Amino acid sequence: MTKSNDKSKRTIAMNRTFKAPIKLVWEAWTNPKHIAKWWGPKGMETKVIKHEFKVGGTWKYTMQMPNGKDFITEGVYSEIIEFEKIVSSADFKPMTEGVELEIIFKDLGDTTDFTFNVIHPSEEYCKQQEAMGIYNGWGATFDRHILYLADNK
């Protein structure tokens with residue numbers, strides 16, 4: 001796979017508007033106590049193994065798949081701007097490796113605009129991930145996030 005310099009061709013972007021103030025949305029994304037309650041598809045329990053929320057800090061979460069094996073998600077934070085942006089490397093073993101997550105928050109008062117970019121190393125890999133159903137997987141996770149926010153206002 002050749003690496004494309006055109007970031008737009010390597011990025012899958014998902015947008016949501018959460019009916020919650022930015023402070024709550026940010027807390028749900030940055031506090032491991034909250035992350036464990038909504039991260040991942042419905043029906044899968046998430047265990048936060050490590051969560052160092054700082055530039056250079058690492059994170060690692062596991063979820064048990066129906067076949068009994070662990071699905072491991074992990075990465076390293078490279079940029080954090082409080083209430084605005086989080087950037088991290090990310091591996092979702094065994095499905096996706098070597099991507100970057102760029103999470104952008106925009107304060108709209110009682111609601112929060114949210115942009116979630118998954119940046120792949122190549123255009124080909126991006127297309128492959130799209131065909132595998134990345135929108136459905138993350139969509140289910142964001143649905144859990146929405147419910148979690150509603151329950152914790």
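The values are calculated or read from the model by the stated rules, or taken from the named source; none is laboratory data. Note that the structure is predicted; figures quoted are calculated from it, not measured. Cβ coordinates were reconstructed from backbone atoms using ideal geometry, including for glycine residues, and neighbour counts include every protein chain displayed.
A few notes on this one:
- Between Lys54, Lys37, Lys23, Lys33, the distinction of being over 22 Å from Glu97 (Cβ atoms) and surrounded by 15 or more Cβ atoms within 10 Å (Cβ to Cβ) belongs to Lys37 only.
- All of (1) of a type in the set (A, V, I, L, M, F, W, C); (2) in contact with an Asp or Glu (Cβ under 7 Å, 6 or more places away or on another chain); (3) over 25 Å from Asp6 (Cβ atoms) hold for Ile119 with one exception: (3).
- Any chance Asp107 is touching a residue at least 60 places away in the same chain (Cβ under 8 Å), charged (D, E, K, R) and over 19 Å from Thr11 (Cα atoms): yes
- Residue in the range 104-111 that is crowded, with 18+ Cβ neighbours inside 10 Å and among the β-branched types (Val, Ile, Thr) present: no
- Looking across the range 78-103 at every residue that is closer than 23 Å to Asp143 by Cβ and hydroxyl-bearing (Ser, Thr, Tyr), the one that is surrounded by the fewest Cβ atoms within 10 Å (Cβ to Cβ) is identified as Thr96.
- When Gly43 is tested against the conditions (1) in a helix (DSSP H, G or I); (2) out of contact with any strand residue (DSSP E or B) (no Cβ under 8 Å at 6 or more places or on another chain), the lone failure is (1).
- Scanning the range 112-126 for residues that are surrounded by 17 or more Cβ atoms within 10 Å (Cβ to Cβ) and not aromatic (Phe, Trp, Tyr) gives Thr112, Asn117, Val118, Ile119, His120, Glu123, Cys126.
- Evaluation of Gly75 against the conditions (1) at pLDDT 95 or above; (2) within 29 Å of Asp107 (Cβ to Cβ); (3) surrounded by fewer than 17 Cβ atoms within 10 Å (Cβ to Cβ) shows that the sole unmet condition is (3).
- Residue match in the range 144-153 (condition: basic (Lys, Arg), at pLDDT below 90 and assigned to a loop (DSSP other than H, G, I, E, B)): yes
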